[in-house]
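Here is the structure we will look at.
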Amino acid sequence: MSTLVLIHPAGVTARYWQPQRDRLTPQHRVHTPELPGRDGGPFTLAAAVDTVTDLLDEPAYLVGLSLGATVAVRAALARPDAVRGLVLSGGIAYPPPLLTVQRAVMAVLPAGALAAINARAVPAEYAEQARADHARIGKANLLAEMRELAGVDLRPRLAEIDAPTLVLCGTRDRANLASAHQLAAGIPAAELRLVDGVGHLWSRSHPQLFTDVLLDFLER
């Protein structure tokens, strides 16, 4: 039995991982931490990393999607002794140009419009959950997440990571393909896998496929 920490992306809560948690829990010890900014406090990347590292009472696999991938890398750098492996999906090594555009658009849109965008980003059966998550997080924390990501540059420290790493990116997640290549090139023990036909939040749109890929990595 392995210990897994599943780290959710921006704009959602820990229940984002429920499909993976349901399938993995019988075989593994699974943590799905709630990142800061979901219960009234502010979001910061440093606090998010602390949330994850506080769980590492034994060596674990860190699985991060988007913002969660950035948190996973930072946590691995902070606690290399406690990380057995990394799975990084849709993560960034350095902010892509699209992030600047996203931040500018989000800053001027009303909260209701952002909630609608959030709901359209996931399969229809999760739309109401996405709206509820947005209401819980609030626009200020969504902008804080984007602001923190805009200040990220992981490239100078990627070579310090010695844990086996699987870097994933959907072929339809074009904004993050370049970063996937950068992450895989910078981490010495990394493998890059481009997943055909899926987008950014594919752990929700293709939950069985995502979990299959994760289990394959764990069983090596």
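So if I check each of GLY151, GLY170, which one is within 17 Å of the chain's Cα centre (by Cα) and modelled with pLDDT under 95?
GLY151
Counting the residues of region 169-193 that are closer than 20 Å to LEU77 by Cα and touching a Leu at 6+ places or on another chain (Cβ under 7 Å) gives 8. All conditions but one from (1) more than 24 Å from GLY199 (Cβ to Cβ); (2) in contact with a His (Cβ under 9 Å, 6 or more places away or on another chain); (3) assigned to a strand (DSSP E or B) apply to VAL5; the one that does not is (1). Within region 90-149, being in contact (Cβ under 8 Å) with a residue 40 or more places away in the chain, closer than 27 Å to THR171 by Cα and among the β-branched types (Val, Ile, Thr) holds for ILE92, THR100, VAL122. Of the helices (runs of 4 or more DSSP H) entirely within region 10-101, those holding at least 2 residues that are within 11 Å of the chain's Cα centre (by Cα) occupy 67-78.
This table checks each residue for (1) part of a helix (DSSP H, G or I); (2) free of Cβ contacts under 8 Å to residues at least 60 places away in the same chain; (3) under 24 Å from GLN27 (Cα atoms); (4) in contact with a strand residue (DSSP E or B) (Cβ under 6 Å, 6 or more places away or on another chain).
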{"residue": "LEU177", "(1), (2), (3), (4)": "yes, yes, no, yes"}
{"residue": "ALA185", "(1), (2), (3), (4)": "yes, yes, no, no"}
{"residue": "LEU192", "(1), (2), (3), (4)": "no, yes, no, yes"}
{"residue": "GLY197", "(1), (2), (3), (4)": "no, yes, no, no"}
{"residue": "ARG204", "(1), (2), (3), (4)": "yes, no, yes, no"}
{"residue": "PHE210", "(1), (2), (3), (4)": "yes, no, yes, no"}
{"residue": "ASP216", "(1), (2), (3), (4)": "yes, yes, yes, no"}
{"residue": "ARG220", "(1), (2), (3), (4)": "no, yes, yes, no"}
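Applying a threshold of 8 Å to beta carbon distances and a minimum spacing of six or more residues, or different chains, the list of pairs starting in region 10-24 at a residue that is under 24 Å from LEU45 (Cβ atoms) and ending at one that is among the acidic types (Asp, Glu) and part of a helix (DSSP H, G or I) reads ALA10/GLU145; GLY11/ASP133; GLY11/GLU145; VAL12/ASP133; THR13/ASP133; ARG15/ASP133; TYR16/ASP133.
The values are calculated or read from the model by the stated rules, or taken from the named source; none is laboratory data. Please read these numbers as outputs of a predicted model, since none were measured by experiment. Here the Cβ is made from the backbone with ideal geometry for all residues, glycine too, and neighbour counts use every protein chain on show.
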